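Worksheet: one structure, shown below.
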Amino acid sequence: MVYISFKHCHGKVFTWFLSRCFLVVRMQENWKGKNIDLRTMSERIALFFSEKAFSTTVNQKEAMTAIIAVPKSFHGIDERIEVEVWGKPEDFSVKFTSGTLSRALVRFGSFASLITGGYFVLRGLKSQEEIEKLERKFWIYVDETVWYLSNQCSP
């Protein structure tokens, strides 16, 4: 995070702007004692993105599944989102990663703003905002899915 001293009324807004411009949204959650089939969990996550007009690819590795979601149509997100699921059925983690392209658009746009009128900065910031909205919905969906699958598998 970047801190810059300005007058009190403008300093907070500008600091918030800089920290948001260079932020890579990266969130990870861990669950213990749920006994969930991780393949089913990965399929449900891919379904979440498919229902939101993303093209999904699921890559199964030894102890990890990677779901890559790329927007099919324009909904304000300019980049792919990667989700990783790994661990054991009773102790697993889910990680949501995105934000690198949006951050690059903001950086490039700040240099090119004299020519483009701030188009890239605005596009990058809007993409980050849409990713944050999607991420909030994603974690709600994942929590509900974990609850459902853990209760479904209980004896």
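Each reported figure results from applying straightforward, stated rules to the coordinates on display, with no laboratory input. All values derive from a computational prediction rather than experimental measurement. Positions of Cβ are backbone-derived with ideal geometry, glycine not excepted, and every protein chain shown enters the neighbour counts.
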- line: Which residues qualify? For PHE54, with a placed amide H closer than 5 Å and at least 5 residues away or on another chain, they are LYS72
Under the Karplus curve 6.51 cos²θ - 1.76 cosθ + 1.60, θ = phi - 60°, whole-Hz ³J(HN,Hα) for the stretch 45-51, x wherever Gly or Pro sits: 5, 4, 5, 3, 6, 4, 5
query: lysines within cross-link reach of LYS72: Cα-Cα under 21 Å, excluding same-chain residues under 8 positions apart?
result: LYS52, LYS126, LYS133, LYS137
field: Inter-label distance for LYS61 and ASP143, nm, one decimal - labels placed 7 Å from Cα along Cα-to-Cβ
entry: 2.9
